[in-house]
1. Does residue 161 meet the test of being under 18 Å from the mean Cα position of the chain (by Cα), within 23 Å of residue 220 (Cβ to Cβ) and among the acidic types (Asp, Glu)?
2. For the range 87-100, enumerate the residues that are within 15 Å of the chain's Cα centre (by Cα) and not in a strand (DSSP E or B).
3. Examine the range 250-263 for a residue that is touching a residue at least 60 places away in the same chain (Cβ under 8 Å), part of a loop (DSSP other than H, G, I, E, B) and crowded, with 18+ Cβ neighbours inside 10 Å, and state whether such a residue exists.
4. Given 272, 234, 245, which one is touching a residue at least 12 places away in the same chain (Cβ under 8 Å) and within 18 Å of the chain's Cα centre (by Cα)?
5. For the list (1) touching a strand residue (DSSP E or B) at 6+ places or on another chain (Cβ under 6 Å); (2) free of Cβ contacts under 8 Å to residues at least 40 places away in the same chain, I need the number of the one condition that residue 116 fails.
6. Taking the condition in a helix (DSSP H, G or I), on the phi < 0 side of the Ramachandran plot, open to solvent by less than 70 Å² (accessible area, probe 1.4 Å) and modelled with pLDDT under 95, does residue 16 pass?
7. Within the range 226-235, work out how many residues are modelled with pLDDT of 90 or more and either touching a strand residue (DSSP E or B) at 6+ places or on another chain (Cβ under 9 Å) or farther than 21 Å from residue 371 by Cα (or both).
8. Within the range 279-293, can one find any residue that is in contact with a Gly (Cβ under 9 Å, 6 or more places away or on another chain), closer than 30 Å to residue 253 by Cα and not aromatic (Phe, Trp, Tyr)?
Amino acid sequence: MNASQPGEPPLPNLNRPLALDRDRLSATTPKNCIPGNLLFQWHITERCNLRCAHCYQDQSLGSELPRDGLLAIHEQYLRLLEQWRKAGNRVRGHVTVTGGEPFTHRDFEVLLECLANHHQAHTFGILTNGVLIDPPRARWLRKLRPAFVQVSLDGLPETHDRLRGAGNFHEVLKGISHLRKAGIYTVVSFTAQRGNFREFPQLVEIVRRYRVNRIWADRLIPAGNAASLRDPMLDAEETREFFNLMLQAREKAASHWWFRTEVSMHRALQFLVGGGHPYHCTAGYSLLTVMPNGDVYPCRRMPILVGNLLQTPLPELYHDSPVLRQLRDKTRLGENCRHCLHRAACRGGLKCLAYATTGDPFQGDPGCWLLQPRAGADRFQAGGRAASISNGTNCCSASLVSKKEAD
């Protein structure tokens with residue numbers, strides 16, 4: 001669903017195919033590139049026990065695979081990793097399972113046990129809203145040894161509950177408490193919009209008291225069915241203000257002596273304020289998203305259909321897809337990024353945000369305050385249209401996995 005505000009031109013069609021430059025494709029994007037790691041973000045269901053006002057999924061329920069289908073897709077992922085290893089390339093694998101709410105899938109526990117039994121091939125994590133995690137389930141999860149369990153908090157109680165339902169903030173905190181008592185590495189995701197981004201420092205203090213291991217944040221992507229939200233998207237100056245708030249919260253969190261929650265700043269453009277190595281989008285290279293029916297996207301927030309794993313094997317899709325190969329082109333940048341000092345490392349910032357606002361993932365990040373103004377950008381930087389929060393189930397877990405493996 002792609003709703004526009006009255007009197008405005010329609011939003012870009014976010015399910016359209018990516019326009020391909022065939023000549024450039026053959027010249028600059030080799031077929032046989034191999035990543036150092038491959039995050040497989042797996043949405044096993046669209047069902048959910050919540051009805052969040054900001055969810056990027058529409059209200060329709062598509063088909064989802066039963067146990068045998070899930071295990072067959074996992075086997076394709078193992079086959080791709082093994083193919084690379086036999087060629088002398090040990091690619092680190094990680095599977096992140098999410099939904100919808102993954103605990104609503106009847107075969108979720110079977111899938112998790114399968115993933116846990118292949119710990120030598122890959123790690124795995126879970127993205128959940130946290131409401132269905134009670135003490136027995138937390139203890140069971142601990143036995144499976146996930147790399148992390150991630151839940152979402154989108155502001156202080158009033159703001160969060162306005163988006164996710166009355167009382168949900170405290171239900172999530174109960175789930176966090178159960179996870180931490182079981183000794184599970186716990187992560188909180190926060191999606192910044194105009195109505196909540198200034199609450200981030202206070203939220204960090206709350207989750208620190210619950211001994212959350214890490215909190216990270218990314219910006220809202222204007223896609224989905226949140227037509228009731230008004231002016232949610234951060235403009236460039238608000239983006240910079242938010243990153244400065246994150247930096248202040250990170251420094252304060254690091255000063256505590258008895259428990260330090262890490263405030264991670266390894267997302268698009270955050271290096272401009274927080275320092276460190278620049279983040280760049282890895283969708284289609286070291287990140288793939290699989291939907292409940294087997295459809296493959298480069299990223300859940302960049303819903304460009306690549307193919308379907310029930311029709312085409314994963315190794316073939318990964319190496320031969322023109323869409324994925326073009327997204328891997330390190331030299332392809334929008335005109336507004338070509339003279340930036342950070343272009344080689346940043347590569348245009350948040351591609352999914354550019355795709356959602358302009359229809360072209362290779363345009364520069366609309367939230368970048370270093371960009372020169374361009375035609376049509378003001379409308380999107382003003383944030384004056386409906387948008388959706390990614391529910392914390394997005395490509396950010398790719399940076400989480402790589403950072404945690406380095407710890």
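1. On the way: under 18 Å from the mean Cα position of the chain (by Cα): no; within 23 Å of residue 220 (Cβ to Cβ): yes; among the acidic types (Asp, Glu): yes.
Considered against the rule, which asks whether it is under 18 Å from the mean Cα position of the chain (by Cα), within 23 Å of residue 220 (Cβ to Cβ) and among the acidic types (Asp, Glu), residue 161 comes out as no.
2. Taking the range 87-100 and keeping what is within 15 Å of the chain's Cα centre (by Cα), we get 94-100.
Scanning the range 87-100 gives 99, 100.
3. Filtering the range 250-263 down to residues touching a residue at least 60 places away in the same chain (Cβ under 8 Å) leaves none.
There is no residue in the range 250-263 that is touching a residue at least 60 places away in the same chain (Cβ under 8 Å), part of a loop (DSSP other than H, G, I, E, B) and crowded, with 18+ Cβ neighbours inside 10 Å.
4. Answer to the check: 234.
5. (1)
6. Details: in a helix (DSSP H, G or I): no; on the phi < 0 side of the Ramachandran plot: yes; open to solvent by less than 70 Å² (accessible area, probe 1.4 Å): yes; modelled with pLDDT under 95: yes.
For residue 16, the condition - in a helix (DSSP H, G or I), on the phi < 0 side of the Ramachandran plot, open to solvent by less than 70 Å² (accessible area, probe 1.4 Å) and modelled with pLDDT under 95 - is not met.
7. The initial filter retains those residues of the range 226-235 that are modelled with pLDDT of 90 or more, namely 234-235.
Then drop every residue that is not either touching a strand residue (DSSP E or B) at 6+ places or on another chain (Cβ under 9 Å) or farther than 21 Å from residue 371 by Cα (or both), which leaves 234.
Count: 1.
8. The initial filter retains those residues of the range 279-293 that are in contact with a Gly (Cβ under 9 Å, 6 or more places away or on another chain), namely 279-281, 286, 291-293.
If we keep only those that are closer than 30 Å to residue 253 by Cα too, we end up with 279-281.
From what's left, not aromatic (Phe, Trp, Tyr): 280-281.
The answer is yes; a qualifying residue exists.
The values are calculated or read from the model by the stated rules, or taken from the named source; none is laboratory data. Keep in mind that this is a model prediction, so the values were computed, not measured. Don't worry about glycine lacking a Cβ; one is built from the backbone with ideal geometry, like all the others, and counts go over all protein chains shown. What goes into the accessible areas is simple: the full protein's heavy atoms, side chains included, and nothing from ligands, DNA or RNA. Shrake-Rupley method; radii C 1.70, N 1.55, O 1.52, S 1.80 Å.
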